[in-house]
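Here the structure is laid out as structure tokens; the discussion comes afterwards.
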Amino acid sequence: MCGIVGAVAERNVQGILLEGLKRLEYRGYDSAGMVVQSPDGNLKRQRAAGKVAALEERLAAEALPGHCGIAHTRWATHGRPTETNAHPHQSGERLAVVHNGIIENHETLRRELIASGYAFSSETDTEVVAHLVDQESRVGDDLFDAVKRTLAKLDGAYALAVMNAQDPDVIIGARKGSPLVVGVGIDEAFLGSDPLALLQVTDRFIYLEEGDLVRLSRGGAIEIHDSSGRVVERPVQTFEHGDGAASKGEFRHFMLKEIHEQPAVIAATLEARLGERRVLVESFGPEAAALFDRVKQVHIVACGTSYHAGMVARYWLERFAGVPVQVEVASEYRYRRVVVPEGTLFVTLSQSGETADTLAALRFARASGYLGSLAICNVPGSSLVRESDLTLMTHAGPEIGVASTKAFTTQLVALMLFTLALGRIKGLDEAVQAELVAALRGLPALVTRVLALDSQIESLSTAFAEKHHALFLGRGVHFPIALEGALKLKEISYIHAEAYPAGELKHGPLALVDSEMPVISVAPNDELLDKLKSNLQEVRARGGELYVFADEHVALEEAEGIHVLRLPHVHEALAPILYTLPLQLLSYHVAVLKGTDVDQPRNLAKSVTVE
């Protein structure tokens, strides 16, 4: 959510900033803007409500040439999505700011600034930052020191980029609770909220740490101060994914591309982590074996899709590792009194590693008596990775579509690796380990076979185009998969969808079933199959239209009101991963039929970096 791009270069930066904003569109936004220091030394600004294309039209009519500039895509938190509320915000004609995050004490600061003579033109919390920096810069110090003093007055989370016409060819960046990276060029320096924004100009990045303050200046100079004010050197890391990750390629949408990337990214997540008959515990880090040996319980904390992955892992961990598991929604976890049993491992799941609630939960947990922490994440330089004791990267590559697909399935793969690694330490039978390792090796090929059913799933999707409600059912470990299927349908097609354990039908949801309520179910060949069949008959008896994704060996025939799509047989423990795929494709095709914005659904953001 929200995106920052900044550049101090030996060339005109307008194109760099605009392309960076386009690459950040996946994060979700409702307005965009840019400010550049023009050749005459003044700051020139363009803003527009709506898509980056609207800003691009403004720039085509009135360009912003210059060697130093900052740009932003905004996702509204304070104030409506209007041009007036769009970033950058200015204080007078000389100072400009872009900001990700929330300034929690902005109302108090606004009153103080108004009393000092400052006038506000927006409803945002960000404008107080611009006026505060202007106020501090008037004492005569340079921009860096003015920003530093301003930060001491701010409560909340932020990533900031600041320019001042009186301090030419300089950008000041600051990071607290919201990600910010520095792009290292040849005699050029860049700033971004995401490396993807800057891959057009560099693949070398410095990931700023909590509390860091950075000065970028002409000639590529980069000076970083930590939270205590000391000048520090941060490592320069080469981005490990190609620039093509930010392109749709031959696919109509990023979401469809990312669905079809799943065989490759699942294989990448498994690579170098499987021995001949067991998972390599060492892949979690050199201290993992000793830490896992002391684990008596696991707490998993995550948000959204990642929370559903954690729910699946609970079934796996209790079955194969024999340890009790608690799964929590991160936004709720830290606002209650948590009892931490002895020997509890704290596990976080996040695609970005910057999810505000999950990151705050980790920081809360570090002071709560946990045995240690494990992060399963997709972004190597993220805060969650840096602040956890152990990490396991998912190797999904950049995920641009807001609706998570490949990040979810690679999280599930990583959680099965964790289950088998912990199970190995806890005495899981070696034959069971070997069986599951073999099944994991065969998983990418099975995923490819499921994706080959795309056209059949597209045909099924036509029955949903005019529907307003849908019900998803699953039993056991597949209840979380039903939840994930319902989430995907609602977030990209805007159809109201709910998910229930199939056995709960008689306890209320059956009242909703009629001919206008499609019911979607997954039917793997497991020990709960017969019970599931009985639940499906309950639906059919009430006139419900059934859409069942079933194992090829399941004796379930098509009939009036019952539509069956066969999936290849898979080891029943890994079935949740495979049965996620048709639900992703169904949601995608329904959204396309309804004409919604598949990659950037309304009101949603990819990376939720505010509470």
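Side notes on the structure shown:
- Neighbour counting of Cβ atoms within 10 Å sorts the residues Phe144, Phe472, fewest neighbours leading, into Phe144, Phe472.
- Volume of the Cα convex hull of the chain, divided per residue and given in Å³: 155 Å³
- Rounded to the nearest 20, the size of the Cβ-charge dipole of the range 392-492 about its Cα centre is 140 debye, with Lys and Arg at +1 and Asp and Glu at -1.
- C-alpha center-to-center spacing [the range 39-78, the range 380-403] in angstrom: 31 Å
- Residue-averaged 222 nm ellipticity for the chain, from DSSP H runs of 4+ at -39500 (n - 2.57), nearest 500: -10000 deg cm²/dmol
- Binned Cα-Cα distance frequencies in the range 163-311 - 10 Å width, integer %: 9, 23, 29, 26, 11, 2, 0
- Sparse-neighbour loop sites [GluC sites (Glu not before Pro); the range 255-306; at most 16 other C-beta within 10 Å; DSSP]: Glu271, Glu276, Glu287
- Per-residue Cβ neighbour counts within 10 Å put Met311, Met255 in the sequence Met311, Met255, beginning with the fewest.
- Pairwise centroid distance, computed over Cα atoms, of the range 268-333 with the range 162-208, Å: 35 Å
- The chain - charge dipole about Cα centre, Lys and Arg +1 at Cβ, Asp and Glu -1, debye rounded to 20: 540 debye
- Listed by Cβ neighbour count within 10 Å, with the fewest neighbours leading, Ile171, Ile481, Ile562, Ile457 appear as Ile562, Ile457, Ile171, Ile481.
- Residue pairs, from the table Lys176/Lys406; Lys257/Lys490; Lys51/Lys467; Lys488/Lys594; Lys467/Lys488, whose Cα atoms sit over 25 Å apart: Lys176/Lys406; Lys51/Lys467
- Backbone N within the range 143-179 under 17 Å of label point (7 Å from Val232 Cα along the Cβ vector): 148, 152, 158-160, 173-179
- The protection proxy used here, the mean number of other Cβ atoms lying within 10 Å of each residue, ranks peptides 392-403, 100-111, 346-357 as follows, highest first: 346-357, 392-403, 100-111.
Where a number appears in this text, it was derived from the coordinates with a stated rule and is not lab data. Being a predicted model, the structure only gives us computed values, none of them experimental. In this analysis, Cβ positions are derived from the backbone assuming ideal geometry, glycine residues included, and neighbour counts consider all displayed protein chains.
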